[in-house]
Amino acid sequence: MTQSPASPRLSASTEQAGLPSLPPPKERRRLREAKPLTQAQLAALVGVTRETVRSWESGRTEPRGSRRAAYAKLLESLARPAAPAPDAPPPDEQQPEPAPPATPEAAFDALCARTAPALLRQAYALTGHRTLASESVERAFQLAWQRWPEVAVDRDPAGWVRAAAHEYALSPWHRFRPGLRHPDTPPADASDRAVLDVLLGLPPAQRRTLMLYDGVGLDLPETAAETEASTPAAASRLLSARGTLAERLADLGLADRPEALTERLTALGRAERLVVPRPARVRTASERRARLWTRAAIAFTALIVTATALTLRTAPTRYEPPVPSGRAISGVPPRMGPGPLTSEDETLKQKLRSAPHPGPERLTPDPY
């Protein structure tokens, strides 16, 4: 395993060799995002490709020669505080920097205002439906407010919300919704319409991987982690998606200029009327939804308890064997017995009852 380029031993060796030292990879990325600058913009300033800047910021490679000197000088200028304007007040009279949000509501509102527009454009590029894009972003922020103690301490709250929005937007259950079965009105720009058509023709996994890598600017391991795939699988999806776009959009020059794809994905949806959710409305809807689900859970629990108590009350306390079902029995002789008397039998019966008995006298016991 190679040693990390940010290690003190390697920094010392570069200084002894006369090469300028560089900050750690995470600090390089932080300096670029603080301005803010995209990887494509910084690559244009140094004179390299966007993939090279991505490798420098992830620590996989290190700049050499004149590129290292130019990169170190640029990072030094980014780290240097901006000079005050000529008409700016003295330092002792300048306004203090705004304090971080003091309440959870203020922190959530700041996160929503900062990340919602970009998330809306990403969701629109993933789905092609304006309504579904707005619904996905609003539902993601509602979930973030419900779990705000977890999201607030996350190392990347914007990434947490982005993952929730992308998963909701690409959910396969939306195909059963009647309002989403038909395609939405295509964009007015012809190039945006062509890019969107090709994107919607890609499998959802490739579409999301391409959006995270080329649209958001994540590196390959972060893209694989967010899409819950291995790094080789994410790389395969990315290459397949790029090949499809380069083949079907040859007139846009995506194969010659890799940064053109980033510009297209970033600009897609800017001209569309996408409704940005209001933070106060999102918080209210999230709390209302949480109360509704809580009441439903309480009612369902009470129903289960009532059904259980009723079952215990009415259930038998001992075992009762089941009554066997009846069946036909063969071989039983018919029932025999005296039948009805005929007229001759009735005459003889009456005669016997009325005439005296001609036999011997009836025996009677003698008294003692």
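The values are calculated or read from the model by the stated rules, or taken from the named source; none is laboratory data. Computed from a predicted structure; not experimentally measured. In this analysis, Cβ positions are derived from the backbone assuming ideal geometry, glycine residues included, and neighbour counts consider all displayed protein chains. When the accessible area is computed, the model is the full protein with side chains, heavy atoms only, and any ligands, DNA or RNA have been set aside. Shrake-Rupley method; radii C 1.70, N 1.55, O 1.52, S 1.80 Å.
Solvent-free Debye calculation, one equal scatterer per alpha-carbon of segment 181-283: log10 I(q)/I(0) at 0.11, 0.17 Å⁻¹ equals -0.38, -0.85.
Highest average first, the peptides 115-125, 150-160, 199-209 ordered by how many other beta carbon atoms sit within 10 Å of their residues are 115-125, 199-209, 150-160.
Per residue, segment 118-205 exposes 49 Å² of accessible surface when a 1.4 Å probe is rolled over the protein heavy atoms with every protein chain present.
Carbon-plus-sulfur accessible fraction, segment 227-311 (probe radius 1.4 Å, protein heavy atoms only): 59%. Summed over the residues of segment 242-354 and divided among them, the accessible surface reaches 88 Å² per residue at a probe radius of 1.4 Å. Could you tell me what % of all Cα pairs in segment 94-183 have separations over 21 Å? So the pairs more than 21 Å apart make up 37 percent of the total in segment 94-183.
Our estimate of slack between ALA69 and HIS182, defined as 0.36 nm per intervening residue step minus the Cα-Cα distance, is 35.2 nm. For segment 233-308, dividing the convex hull volume of the Cα atoms by the residue count gives 199 Å³ per residue.
Spin-label model, TRP173 to LEU239: label points 7 Å out along the Cα-to-beta-carbon direction sit 3.6 nm apart. When peptides 344-354, 54-64, 188-198 are ranked by their average number of other Cβ atoms within 10 Å per residue, the highest-first order is 54-64, 188-198, 344-354.
Just the protein heavy atoms count here, and of the accessible area of segment 177-218 at 1.4 Å, carbon and sulfur take up 55 percent. Cβ-Cβ distance of GLU105 and ARG313, R₀ of 30 Å, FRET efficiency by 1/(1 + (r/R0)^6): the value works out to about 0.05.
Just the number, please: carbon plus sulfur as a percent of the accessible area of segment 108-163, 1.4 Å probe, no ligands or DNA/RNA counted. Carbon and sulfur: 52 percent of the exposed surface of segment 108-163. I need the Debye-formula profile for segment 28-72: one equal scatterer per C-alpha, no solvent, reported as log10 I(q)/I(0) at q = 0.14, 0.16, 0.25, 0.34 1/Å, two decimals. At q = 0.14, 0.16, 0.25, 0.34 Å⁻¹ the computed log10 ratios are -0.27, -0.35, -0.90, -1.43.
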